[in-house]
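J.: One structure follows; several queries about it will come next.
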Amino acid sequence: MGLAAATAEVARRDPALAAVIERAGPMHLPKARQPDPFLSLAEAIVFQQLAGAAASAIWARVVAAFPDGMIPEAVAATPDEVLRAAGLSANKAKSIKDLAAKVLDGTVPLRGISRASDEEVVRRLTVVRGIGPWTAEMFLLFDLHRLDVWPILDYGVRNGWSIMHGLPAIPTPKALLPEGEVFRPYRSVAAWYCWRAVELTRKAPAVPGLTE
């Protein structure tokens with residue numbers, strides 16, 4: 001099923017989400033951030049807990065440190081100090097090195113990952129230092145364009161759910177988990193519109209239907 005049909009089905013199942021969908025417009029997923037999974041995951045590690053501009057500047061310096069290409073072999077052979085000089089924290093430098101090492105030794109096979117199940121992708125990626133379920137789910141959603149991801153650890157998703165349903169408090173991940181069941185197999189669509197609900201309230205705090 002395409003995005004338009006999946007969105008229509010999600011709207012049919014939840015009037016509150018339907019109101020957000022009507023105001024936010026069609027769902028769209030950008031192209032994968034990088035041309036291969038290794039670069040996408042390395043970039044995701046760099047961007048963790050950083051504002052966009054700062055993270056982009058650091059990522060550009062990291063990539064520039066590999067003039068012949070940022071491939072696992074090159075990263076594994078590069079001293080941590082080189083990555084630190086590009087602006088990475090010690091933990092992120094170790095995480096990127098660990099990603100490279102595990103790709104090279106086969107612990108985290110990336111070849112053919114686009115054909116692996118959602119559960120298998122998460123299982124593979126979360127053995128890497130610094131890659132938890134949230135990062136793996138963002139990879140599934142924005143790089144592999146999977147339609148049934150429900151990232152309950154994401155604050156924006158939980159906040160958006162609270163806004164659109166007029167809840168007195170933002171739900172915990174545990175509380176939000178069962179709410180996604182009604183949207184299977186299109187939970188990514190519901191999550192995407194949770195983020196849009198947050199954006200809409202920031203642009204126009206009194207948008208009808210978002211908090212009622």
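The values are calculated or read from the model by the stated rules, or taken from the named source; none is laboratory data. Only a predicted model underlies this, so the values are computations on that prediction, with no experimental measurement involved. Don't worry about glycine lacking a Cβ; one is built from the backbone with ideal geometry, like all the others, and counts go over all protein chains shown. Calculation scope for accessible area: heavy atoms of the full protein, side chains included, ligands and nucleic acids excluded. Shrake-Rupley method; radii C 1.70, N 1.55, O 1.52, S 1.80 Å.
J.: Does I152 meet the test of being surrounded by 18 or more Cβ atoms within 10 Å (Cβ to Cβ), more than 22 Å from R33 (Cβ to Cβ) and of a type in the set (A, V, I, L, M)? Step through it out loud before you land on a result.
T.: Values: surrounded by 18 or more Cβ atoms within 10 Å (Cβ to Cβ): yes; more than 22 Å from R33 (Cβ to Cβ): yes; of a type in the set (A, V, I, L, M): yes.
In short, yes.
J.: If you don't mind, there's one more thing I want to ask. Scan the helices (runs of 4 or more DSSP H) fully inside region 49-101 and keep the ones with 2 or more residues being open to solvent by less than 70 Å² (accessible area, probe 1.4 Å) and more than 17 Å from V128 (Cβ to Cβ).
T.: Details: elements: 52-64, 72-76, 80-85.
Hits in region 49-101: 52-64.
J.: Of all the residues that make up region 124-149, how many are open to solvent by less than 10 Å² (accessible area, probe 1.4 Å) and under 21 Å from L17 (Cα atoms)?
T.: Residues meeting the conditions: 2.
J.: Open to solvent by 20 Å² or more (accessible area, probe 1.4 Å), among the acidic types (D, E), within 22 Å of V182 (Cβ to Cβ) and not in a loop (DSSP other than H, G, I, E, B): which single residue out of E43, E22 fits that description? So that I can check it myself, show each step before the final result.
T.: Values: E43 fails: within 22 Å of V182 (Cβ to Cβ).
Residue meeting the stated conditions: E22.
J.: Hey, another quick one. Does region 110-131 hold any residues that are out of contact with any Pro (no Cβ under 7 Å at 6 or more places or on another chain), within 16 Å of A42 (Cβ to Cβ) and outside any helix (DSSP H, G or I), and which are they?
T.: Result: V127, V128, R129, G130, I131.
J.: For region 25-40, which positions are closer than 20 Å to C194 by Cα and either crowded, with 19+ Cβ neighbours inside 10 Å or in contact (Cβ under 8 Å) with a residue 40 or more places away in the chain (or both)?
T.: Selection gives M27, L29, P30.
J.: Then there's this: Between residues in region 107-118 that are polar (S, T, N, Q) and residues that are open to solvent by less than 20 Å² (accessible area, probe 1.4 Å), which pairs lie under 7 Å by C-beta distance while being six or more apart or on different chains?
T.: Note: no pairs meet the criteria.
J.: To continue, here is another question. If you scan region 42-55, which residues turn out to be out of contact with any helix residue (DSSP H, G or I) (no Cβ under 6 Å at 6 or more places or on another chain) and either within 26 Å of G112 (Cβ to Cβ) or not aliphatic (A, V, I, L, M) (or both)? Spell out how you get there, then give the answer.
T.: Of all residues in region 42-55, those out of contact with any helix residue (DSSP H, G or I) (no Cβ under 6 Å at 6 or more places or on another chain) come to 48-54.
Answer for region 42-55, where residues must be out of contact with any helix residue (DSSP H, G or I) (no Cβ under 6 Å at 6 or more places or on another chain) and either within 26 Å of G112 (Cβ to Cβ) or not aliphatic (A, V, I, L, M) (or both): Q48, Q49, G52.
J.: Looking at region 180-194 only, could you name the residues that are surrounded by 17 or more Cβ atoms within 10 Å (Cβ to Cβ) and either under 14 Å from P26 (Cα atoms) or in contact with an Asp or Glu (Cβ under 8 Å, 6 or more places away or on another chain) (or both)? Break it down into steps so the answer makes sense when it comes.
T.: Step one: filter region 180-194 for residues surrounded by 17 or more Cβ atoms within 10 Å (Cβ to Cβ), giving 180, 183, 186-194.
Across region 180-194, the qualifying residues are F183, Y186, R187, S188, V189, A190, A191, W192, Y193, C194.
J.: Additional query: Condition check: aliphatic (A, V, I, L, M), closer than 26 Å to R184 by Cα and not in a helix (DSSP H, G or I). Does A32 satisfy that?
T.: Values: aliphatic (A, V, I, L, M): yes; closer than 26 Å to R184 by Cα: yes; not in a helix (DSSP H, G or I): yes.
For A32, the condition - aliphatic (A, V, I, L, M), closer than 26 Å to R184 by Cα and not in a helix (DSSP H, G or I) - is met.
J.: Could you run through region 100-143 and say how many residues are under 11 Å from the mean Cα position of the chain (by Cα), at pLDDT 95 or above and more than 19 Å from P173 (Cβ to Cβ)?
T.: Total meeting the criteria: 0.
J.: Being open to solvent by less than 50 Å² (accessible area, probe 1.4 Å), over 22 Å from A32 (Cα atoms) and in a loop (DSSP other than H, G, I, E, B) narrows it down to one of G106, G160, so name that one. Explain how you work it out, then say what you get.
T.: Values: G160 fails: in a loop (DSSP other than H, G, I, E, B).
Only one candidate qualifies: G106.
J.: For residues that are crowded, with 17+ Cβ neighbours inside 10 Å and of a type in the set (A, V, I, L, M, F, W, C), tally how many sit in region 1-15. Please lay out each step first, then the result.
T.: Step one: list which residues in region 1-15 are crowded, with 17+ Cβ neighbours inside 10 Å, which gives 3, 6-7, 10-11, 14.
Then drop every residue that is not of a type in the set (A, V, I, L, M, F, W, C), which leaves 3, 6, 10-11.
Final tally of qualifying residues: 4.
J.: Please count how many residues of region 132-143 are out of contact with any Pro (no Cβ under 9 Å at 6 or more places or on another chain) and more than 15 Å from R33 (Cβ to Cβ).
T.: Number of matching residues: 1.
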